[in-house]
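Enquirer: Take a look at this one; I'll ask things after.
Each value in this text was obtained by applying a stated rule to the coordinates, not by laboratory testing. Model, not experiment: these values are computed from the prediction. Cβ sites come from the backbone with ideal geometry, for glycine too, and all protein chains shown count toward neighbours.
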Amino acid sequence: MTSKVRTGILISGRGSNMRSLIAAASDPAFPAEIALVISNAGNAEGLKFAAAAGIATKIIPHKAFATREEFDRAVNIAFEVADIDIVCLAGFMRILSDWFARKWEGRLVNIHPSLLPLFKGTHVHEQVLHAGVRVSGCTVHFVVPELDAGPIIAQAAVPVEVGDTPETLAARVLVEEHKLYPAALKMLAEGRVKLKNGQAVFAP
Ligand code: GAR
């Protein structure tokens, strides 16, 4: 049996996307294993779930570091010590330094709750409703130094319903996030998508 791709996850809160990755990885046929979950917030709900699932967890409080890059270097060391191949951002609400994005280039992915390149940043569902688009969704993309701008690996769409609030729309998008992220991690772990010359290149 070939060894599984060691995957690290960065979270800041609830961790429902993290849970979907852990659930997918519990299938013996899944090509990746979740080897370490790191949170910048000590009270992140997702940490308890990961620990209960027998996964190594670590809290690295960003406030303990003078600069963004010093925090990122501590995170990098933790992933290197754990022999991590791929890092998934799952509701990680810190902007990573250019240094970290370059260091993990092609091995660092994020899930964002809109159809990128539309509606980057925060308050995404508010932005969507304000714009009046009738379709939204979620995107898994490679992380590059520019925020929410990396090459797209996978997307899923949902309708925006009349009367939606940010909360109802977020809930509809989240259902798709939980399917999309494991599927994207599987593709990446199997080498079926790679970052080459700033583009996502897919195996035929
Ligand atoms: C998810 O909707 C994720 O797409 C979003 O935060 C939520 C985290 O939920 N991420 C971003 O907005 C990143 N910019 P979770 O902690 O339950 O996975």
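Enquirer: So what's the back-of-envelope 222 nm ellipticity for the chain, counting only DSSP H runs of four-plus at -39500 (n - 2.57) apiece and dividing by all residues, rounded to 500?
Expert: -10500 deg cm²/dmol
Enquirer: With N set to the number of residues, divide the alpha-carbon radius of gyration of the stretch 86-133 by 2.2 N^0.38 Å and report two decimals. Write down the numbers at each step before the final one.
Expert: Working: Rg = 12.8 Å, N = 48, 2.2 N^0.38 = 9.6 Å.
That ratio works out to 1.34.
Enquirer: Another question, then. For a bin width of 5 Å, list the pair-distance distribution of the stretch 51-160 built from all Cα-Cα distances, rounded to whole %.
Expert: Final binned percentages: 2, 11, 20, 20, 17, 14, 10, 5, 2, 0.
Enquirer: Can you give the translational diffusion coefficient of the stretch 146-204 in µm²/s, computed by Stokes-Einstein from the Kirkwood radius over Cα pairs at 20 °C and 1.002 mPa s?
Expert: Working: Rh = 13.3 Å.
The estimated diffusion coefficient comes to 161 µm²/s.
Enquirer: Percent of alpha carbon pairs in the chain separated by more than 33 Å? Don't skip to the answer; put the middle values down first.
Expert: Numbers: 2151 of 20706 pairs.
That tail contains 10 percent of the Cα-Cα pairs.
Enquirer: Of LEU116, TYR181, ASN197, whose Cα points farthest to the positive end of the dipole of the stretch 80-204 (charges on the beta-carbon: +1 Lys, Arg; -1 Asp, Glu; origin at the Cα centre)?
Expert: ASN197
Enquirer: Follow-up. In whole Hz and in residue order, list the ³J(HN,Hα) couplings for the stretch 69-85 that follow from phi through the Karplus curve 6.51 cos²θ - 1.76 cosθ + 1.60, θ = phi - 60°; x for Gly and Pro.
Expert: Once rounded to whole Hz, the list reads 5, 5, 4, 4, 5, 5, 5, 4, 4, 4, 5, 5, 4, 7, 6, 7, 9.
Enquirer: Which residues in the stretch 124-165 place their backbone N less than 15 Å from a point set 7 Å from the Cα of ILE95 along the Cα-to-Cβ direction?
Expert: Only 144-150 pass the distance filter.
Enquirer: To the nearest 20 debye, what charge dipole does the chain have about its Cα centre, counting +1 at the Cβ of each Lys and Arg and -1 at the Cβ of each Asp and Glu?
Expert: Values: 21 positive and 20 negative charges, 56 e Å.
I would put it at about 260 debye.
Enquirer: For a protection proxy built on the mean count of beta-carbon atoms within 10 angstrom, sort 172-180, 47-55 highest first, please.
Expert: Working: 172-180: 18.2, 47-55: 15.4.
Output ranking for 172-180, 47-55: 172-180, 47-55.
Enquirer: How large is the translational diffusion coefficient of the stretch 1-100 in µm² per second when you combine the Kirkwood radius over alpha carbon pairs with Stokes-Einstein at 10 °C and 1.306 mPa s?
Expert: On the way: Rh = 13.6 Å.
My calculation gives 116 µm²/s for D.
Enquirer: Which distance in nm do the two modelled labels at GLU33 and VAL135 give, with both placed 7 Å along the Cα-to-Cβ direction?
Expert: 4.0
Enquirer: A 22 angstrom limit on the alpha carbon distance is what I want to check against. Which of LYS63/LYS194; LYS4/LYS194; LYS103/LYS196 exceed it? Before the final figure, lay out each step's value.
Expert: Working: LYS63/LYS194 34 Å; LYS4/LYS194 17 Å; LYS103/LYS196 15 Å.
Long pairs (Cα-Cα over 22 Å): LYS63/LYS194.
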